[in-house]
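> Shown below is the structure under consideration.
The values are calculated or read from the model by the stated rules, or taken from the named source; none is laboratory data. Given the structure is predicted, the values throughout are model-derived calculations rather than measurements. Ideal geometry is used to build each Cβ from the backbone, glycine not excepted, and the neighbour counts take in all protein chains shown.
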Amino acid sequence: MPGTGFRGTLTSPKVDLMVDMGHPFLNLTVDGFLKIGTVGAAKTAVEETYDIFKKGSFSKHKFEHSLKKMCKEGVYWGTIAGVYVGMEYGAERICGTRNWKTAMIGGALTGALVSAATKSNRDKIVMDAITGGAVATAAKFLNYLT
């Protein structure tokens, strides 16, 4: 019985930018900030482009608003990533190993710090720490699969 199918591979571009700040902690933190900050800015750029096409209008004001939003999101995503990478690196140095446990610790500390920085209540800080630890652990497990 004849059939049709699709076969192919999907590869992502390799972007390797490393800024030498003189210390591995700073290098990893800045690298995480730049890479994930770029992802956050790109996400916002796509959302804003979709919004422009959906509404069918474009203006200088909308363009300026989109640029500000891209910068804000890029800095926010980059900051979260930089804090996470720094926390995970610190946990790795203390534990002497790199595994899912250090990812969980880094994620939990990041979730708690970001939540505390936004003046959340104690319960919200704990919930954000649990969420950060869970997301970081899941990401580490996904890295083991690939």
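> Touching a residue at least 60 places away in the same chain (Cβ under 8 Å) and within 25 Å of ASN27 (Cα to Cα): does that describe GLY133?
Against the criterion (touching a residue at least 60 places away in the same chain (Cβ under 8 Å) and within 25 Å of ASN27 (Cα to Cα)), GLY133 does not qualify.
> Spot the failing condition for MET127; the list is (1) free of Cβ contacts under 8 Å to residues at least 60 places away in the same chain; (2) in contact with a helix residue (DSSP H, G or I) (Cβ under 6 Å, 6 or more places away or on another chain), and only one is missed.
Against the list (1) free of Cβ contacts under 8 Å to residues at least 60 places away in the same chain; (2) in contact with a helix residue (DSSP H, G or I) (Cβ under 6 Å, 6 or more places away or on another chain), MET127 comes up short only on (2).
> While we're looking at this one, here's another question. Enumerate the pairs (first residue in the stretch 71-83 and farther than 19 Å from ALA129 by Cβ and in contact (Cβ under 8 Å) with a residue 12 or more places away in the chain; second residue anywhere and aromatic (Phe, Trp, Tyr) and surrounded by 20 or more Cβ atoms within 10 Å (Cβ to Cβ)) with beta-carbon separation below 6 Å, excluding pairs fewer than 6 apart on the same chain, so at least 6 apart or on different chains.
Short answer, once both residue conditions are applied: GLY78/PHE33.
> Output the number of the condition that CYS71 fails; it satisfies all remaining conditions of (1) more than 14 Å from the chain's Cα centre (by Cα); (2) surrounded by 15 or more Cβ atoms within 10 Å (Cβ to Cβ); (3) modelled with pLDDT of 95 or more.
Going through (1) more than 14 Å from the chain's Cα centre (by Cα); (2) surrounded by 15 or more Cβ atoms within 10 Å (Cβ to Cβ); (3) modelled with pLDDT of 95 or more one by one, CYS71 breaks only (2).
> Could you grab me the full set of residues in the stretch 50-90 that are closer than 17 Å to LYS140 by Cα and of a type outside the set (A, V, I, L, M, F, W, C)?
Passing the criteria: GLY82, TYR84, GLY86, GLU88, TYR89, GLY90.
Conditions (1) closer than 23 Å to ALA42 by Cα; (2) among the charged types (D, E, K, R); (3) modelled with pLDDT of 95 or more, marked per residue:
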position: ILE105; (1), (2), (3): no, no, yes
position: VAL114; (1), (2), (3): yes, no, no
position: ALA117; (1), (2), (3): no, no, no
position: LEU145; (1), (2), (3): no, no, no
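> Checking the condition among the β-branched types (Val, Ile, Thr), out of contact with any strand residue (DSSP E or B) (no Cβ under 6 Å at 6 or more places or on another chain) and surrounded by 20 or more Cβ atoms within 10 Å (Cβ to Cβ), which residue from THR102, THR79 passes?
Only one candidate passes the filter, namely THR102.
> Residues GLY22, GLY86: which one is closer than 20 Å to ALA129 by Cα, among the small types (Gly, Ala, Ser) and modelled with pLDDT under 95?
Only one candidate qualifies: GLY86.
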